[in-house]
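This report refers to the structure that appears directly beneath it.
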């Protein structure tokens, strides 16, 4: 019988849990996958990446994870419009600072001729 992907083990484990810490999830998944200590060490970064990228899972903060379909939309939706607005304001502010710096760099004698 073929082994399942670790992410599938994680999905199975989380079917019975409202939320779970990453360390508990990893311990359970690595045990189900029957990984040796050496295999665990190599597989851990890949597992975390898979968990982060798989749309079925969501990080709740404080190292807790849950299944996305168990949470209300408001809990898992991230509104990026505020982030982009802040980014635009910072970029515009940076341009103003650069212009101020360029004005200050002009020597006084040259500035008088302008």
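Residue 27 is checked against (1) under 21 Å from the mean Cα position of the chain (by Cα); (2) assigned to a helix (DSSP H, G or I); (3) without any contact (Cβ under 8 Å) to a residue 12 or more places away in the chain and fails just one. What number does that condition carry?
With respect to (1) under 21 Å from the mean Cα position of the chain (by Cα); (2) assigned to a helix (DSSP H, G or I); (3) without any contact (Cβ under 8 Å) to a residue 12 or more places away in the chain, residue 27 is out only on (1).
Scan region 37-57 for residues that are in contact with a helix residue (DSSP H, G or I) (Cβ under 7 Å, 6 or more places away or on another chain) and either part of a helix (DSSP H, G or I) or at pLDDT 95 or above (or both) and jot them down.
Within region 37-57, 40, 43, 44, 47, 50, 51 qualify.
Could you figure out which of (1) more than 21 Å from the chain's Cα centre (by Cα); (2) not in a helix (DSSP H, G or I) isn't true of residue 12?
Evaluating residue 12 over (1) more than 21 Å from the chain's Cα centre (by Cα); (2) not in a helix (DSSP H, G or I) leaves (2) as the failure.
Here is a yes/no grid of residues against (1) closer than 14 Å to residue 63 by Cβ; (2) at pLDDT 95 or above; (3) surrounded by 14 or more Cβ atoms within 10 Å (Cβ to Cβ):
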{"position": "4", "(1), (2), (3)": "no, no, yes"}
{"position": "11", "(1), (2), (3)": "no, no, yes"}
{"position": "15", "(1), (2), (3)": "no, no, no"}
{"position": "18", "(1), (2), (3)": "no, no, no"}
{"position": "22", "(1), (2), (3)": "yes, yes, yes"}
{"position": "27", "(1), (2), (3)": "yes, yes, no"}
{"position": "32", "(1), (2), (3)": "no, no, yes"}
{"position": "35", "(1), (2), (3)": "no, no, yes"}
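Would you be able to tell me the number of residues in region 58-76 that are at pLDDT 85 or above and surrounded by fewer than 13 Cβ atoms within 10 Å (Cβ to Cβ)?
3
Out of everything in region 43-56 that is more than 9 Å from residue 6 (Cβ to Cβ) and loosely packed, with under 12 Cβ neighbours inside 10 Å, what residue ends up being farthest from the chain's Cα centre (by Cα)?
Per the criteria, the residue is 45.
The values are calculated or read from the model by the stated rules, or taken from the named source; none is laboratory data. A quick note: this is a predicted structure, and the numbers were derived from the prediction, not measured. Glycine gets a Cβ as well: all are built from the backbone with ideal geometry, and neighbour counts include every protein chain shown.
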